[in-house]
């Protein structure tokens, strides 16, 4: 039964991906992409990685759909172009690449152990119970730190492209709708609650800073979508401070170990520091993602047009 | 027992695949969005069944997030209409 | 030998599966968008509800029961408001089209 | 073992399809979606290899890498969409300048 399930998920993933690439309408491609995320998270559960299933659920269902829908909405007057005719020229090299990669899979040694045993050996040193969190925030701290840096660079890039000093300029109140407001009232506290729950869970079970950050960001984006003005109340200095807090906190922690004549990025009181970093990282991931979604310079036009139709 | 739950999850995945026909067919954008919302709920049910079948309760959190967040794509879709920006590209099929 | 809870669980899950099947059939077979909206929200939420009830019988602990009910509640809220939004969208779109066609004719 | 093979081959197919879409489609939004499919394929490849190990627990290192990767992918997507908007503002279309399939404007 399990194998049939895997086969069907695999086949449908490939089929949906093929359709996304080949279909003419952009809107259909985006709806199919949301479905693709759903199927992918079913695959993660079968591969025993609930962490990734949770992250995929948060990103695929929430932010990715919102981003692509918004982009399509502001850019929608482009006609659906015909597909190019150079099908075989491009398809055959891709097929060749796929063949090469498949060839490598067949030659993985059968007694391959992976890094699992090493991680579980070193896990007691971190005082964390859950290996994925330990890898993220301790063993591979560099990666997580630089990942926060990537988020910051993306926000900076958006600011450069928009030629603006702050993200907040584009935060327009959306059309006020009774059902929109109602759903905010109901779902927002739950989002904050569930985000906090995932963060707390991260110390000993699947969950953690990434998933919690994405959920909180979804909450912020939903506030914006339903036209709630409260995001604009946060002063832009605070906005910036929160944005860089994860990165800076990580850096302070990492360089403080130099004071004790230890190696860069090692820390004595592991668990407390790690949890502190995790909380700061969650906040900055959330704020950076909100800024990235809100950065939509073409919004002004649409707003004016809406006012005209209303009046 | 676990095989039964896995079988139910498989059945729901087959439902999603059947529903994809509506996404491909359209004819309106709203139809596709309805299908996406249906997939969201079916996916939640199927994740819950998988959590039971694979005995890994944390998968339920993924189902929780899907239930919480699927409505956001619909909100984004609808916002564009209320701004008067979206045009239905397939009017001629009606 | 299966316990009574397991039998009940299987029964409820099967009923839930039936409603999901009905929802999918409705999505495919109903003639227009408003009807499809109908099929989606009603059959779908009943299906999820029965499956949640079925899983509650085998879930074992109170927090899990609360989480399962919360998931059902969230799906209900999400589906119903999405239904409203999409219905409103179709309505607005048809009004926009009427306004656009009105002066021309 | 077989589960590993199924998902590993699926991931390769996904990666290739994404690459094909990336190079073949002229529209920038579609290129971004294709890039996301490619990313999904790469993540699936890493995780299916993590599942491969002999020990009952799954290897946590690829999992952590994929978690980082998912957040980086979404931020890169957001940035790319922002750039697309800018290109559209400047040129009136979502295409790259050198694209041979550019329609006459």
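Give A:226, A:174, A:217 a once-over and let me know the one that is on the phi < 0 side of the Ramachandran plot and modelled with pLDDT of 80 or more. First the steps, then the outcome.
Working: A:226 fails: modelled with pLDDT of 80 or more; A:174 fails: modelled with pLDDT of 80 or more.
Checking each option against the conditions leaves just A:217.
Could you run through segment C:31-51 and say how many residues are surrounded by 18 or more Cβ atoms within 10 Å (Cβ to Cβ) and either outside any helix (DSSP H, G or I) or in contact (Cβ under 8 Å) with a residue 24 or more places away in the chain (or both)? Spell out the reasoning first.
To start, the set of residues in segment C:31-51 that are surrounded by 18 or more Cβ atoms within 10 Å (Cβ to Cβ) comprises C:33, C:36-37, C:39-41, C:43-45, C:47-51.
Narrowing further to those that are either outside any helix (DSSP H, G or I) or in contact (Cβ under 8 Å) with a residue 24 or more places away in the chain (or both): C:33, C:37, C:40-41, C:43-45, C:47-51.
The qualifying residues number 12.
Quickly run through segment A:20-35 and pick out the residues that are free of Cβ contacts under 8 Å to residues at least 24 places away in the same chain and more than 7 Å from every other protein chain (Cβ to nearest Cβ).
Initial filter on segment A:20-35 (free of Cβ contacts under 8 Å to residues at least 24 places away in the same chain): A:20-21, A:23, A:28-29, A:31-32, A:35.
Listed by number, the list holds a single entry, A:23.
Return the residues of segment C:57-76 that are at pLDDT below 90 and crowded, with 19+ Cβ neighbours inside 10 Å; say none if nothing qualifies.
Within segment C:57-76, C:57, C:59 qualify.
A quick yes/no check of all residues on (1) within 14 Å of chain B (Cβ to nearest Cβ); (2) over 19 Å from residue A:208 (Cβ atoms); (3) at pLDDT 75 or above; (4) crowded, with 17+ Cβ neighbours inside 10 Å:
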position	(1), (2), (3), (4)
A:39	yes, yes, yes, yes
A:46	yes, yes, yes, yes
A:53	yes, no, yes, yes
A:56	yes, no, yes, yes
A:60	yes, no, yes, yes
A:74	yes, yes, no, yes
A:98	no, yes, yes, yes
A:114	no, yes, no, yes
A:133	yes, no, yes, yes
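Among the numbered criteria (1) surrounded by 18 or more Cβ atoms within 10 Å (Cβ to Cβ); (2) at the interface with chain B (Cβ under 7 Å from one of its Cβ atoms), which single criterion is violated by residue C:92?
Going through (1) surrounded by 18 or more Cβ atoms within 10 Å (Cβ to Cβ); (2) at the interface with chain B (Cβ under 7 Å from one of its Cβ atoms) one by one, residue C:92 breaks only (1).
The values are calculated or read from the model by the stated rules, or taken from the named source; none is laboratory data. Bear in mind the structure is a predicted one, so any value in this text is a computation, not a measurement. Positions of Cβ are backbone-derived with ideal geometry, glycine not excepted, and every protein chain shown enters the neighbour counts.
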